[in-house]
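K.L.:
Here it is, the structure, as structure tokens.
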Amino acid sequence: IYRGAVGKRSGSVDFAICRDLGFSSVFPINPAAKWLRVPYLDIEENIIIDKFEIPQLIKVDIEGSEADFFKNYTDLLSKTCVVVVECHCSVVSPTQWRQIVSESGLELCEVTQETGLTFTEVLINKQNLAIYNQRPLINAE
């Protein structure tokens with residue numbers, strides 16, 4: 001378990017803890033009950049240090065920091081197969097979001113939910129998915 005904010009690769013940020021914890025964010029849309037100064041985590045550095053494989057599925061639900069995450073982790077995102085992301089267009093416009101996603105090598109597969117300025121997308125890297133699907137299955141015996 002790591003403790004910190006995700007989006008940028010270094011530095012620190014003021015993080016709002018909201019009464020409804022699901023709205024806690026560096027970009028809160030509800031009033032903050034408390035603010036914390038937290039460090040940013042470098043996810044790729046942690047993957048290397050802890051000797052993890054590149055994840056083939058990444059779920060991104062980081063309440064407004066999606067654009068920062070995609071801009072700062074293009075290399076990581078380009079190596080995965082599938083990314084499920086909840087995007088908040090109160091922080092970036094849909095046009096800006098499309099441009100950011102295109103730079104990651106991922107393409108839109110499906111929009112699974114839309115609520116106001118928030119939507120959830122399934123993004124895929126077809127080339128990585130094809131390679132991953134050709135890997136032999138591990139015998140569980």
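The values are calculated or read from the model by the stated rules, or taken from the named source; none is laboratory data. Source: prediction; values computed, not measured. Positions of Cβ are generated from backbone atoms using ideal geometry, with glycine treated the same way; all protein chains shown enter the neighbour counts.
K.L.:
It is to be established whether one or more residues within segment 57-65 are of a type outside the set (Val, Ile, Thr), modelled with pLDDT of 90 or more and touching a Pro at 6+ places or on another chain (Cβ under 7 Å).
P.N.:
No, segment 57-65 contains no residue that is of a type outside the set (Val, Ile, Thr), modelled with pLDDT of 90 or more and touching a Pro at 6+ places or on another chain (Cβ under 7 Å).
K.L.:
State whether the residues of segment 116-136 include one that is in contact with a Phe, Trp or Tyr (Cβ under 7 Å, 6 or more places away or on another chain) and under 19 Å from residue 25 (Cβ atoms).
P.N.:
Going through segment 116-136, the residues in contact with a Phe, Trp or Tyr (Cβ under 7 Å, 6 or more places away or on another chain) turn out to be none.
No; the residues of segment 116-136 include none that is in contact with a Phe, Trp or Tyr (Cβ under 7 Å, 6 or more places away or on another chain) and under 19 Å from residue 25 (Cβ atoms).
K.L.:
Considering only residues that are in contact with a Phe, Trp or Tyr (Cβ under 9 Å, 6 or more places away or on another chain) and either closer than 21 Å to residue 57 by Cα or part of a loop (DSSP other than H, G, I, E, B) (or both), which ones fall in segment 91-115?
P.N.:
Here is the first cut: in segment 91-115, the residues in contact with a Phe, Trp or Tyr (Cβ under 9 Å, 6 or more places away or on another chain) are 91, 94, 97, 100-101, 103-104, 106, 111-113.
If the condition is that a residue be in contact with a Phe, Trp or Tyr (Cβ under 9 Å, 6 or more places away or on another chain) and either closer than 21 Å to residue 57 by Cα or part of a loop (DSSP other than H, G, I, E, B) (or both), then 91, 97, 100, 101, 103, 104, 106, 111, 112, 113 are the ones that fit.
K.L.:
Please enumerate the residues belonging to segment 59-102 that are surrounded by 20 or more Cβ atoms within 10 Å (Cβ to Cβ) and touching a Leu at 6+ places or on another chain (Cβ under 8 Å).
P.N.:
Across segment 59-102, the qualifying residues are 70, 77, 80, 81, 83, 85, 88, 101.
K.L.:
Out of everything in segment 1-36 that is more than 19 Å from residue 61 (Cβ to Cβ) and polar (S, T, N, Q), what residue ends up being farthest from the chain's Cα centre (by Cα)?
P.N.:
12
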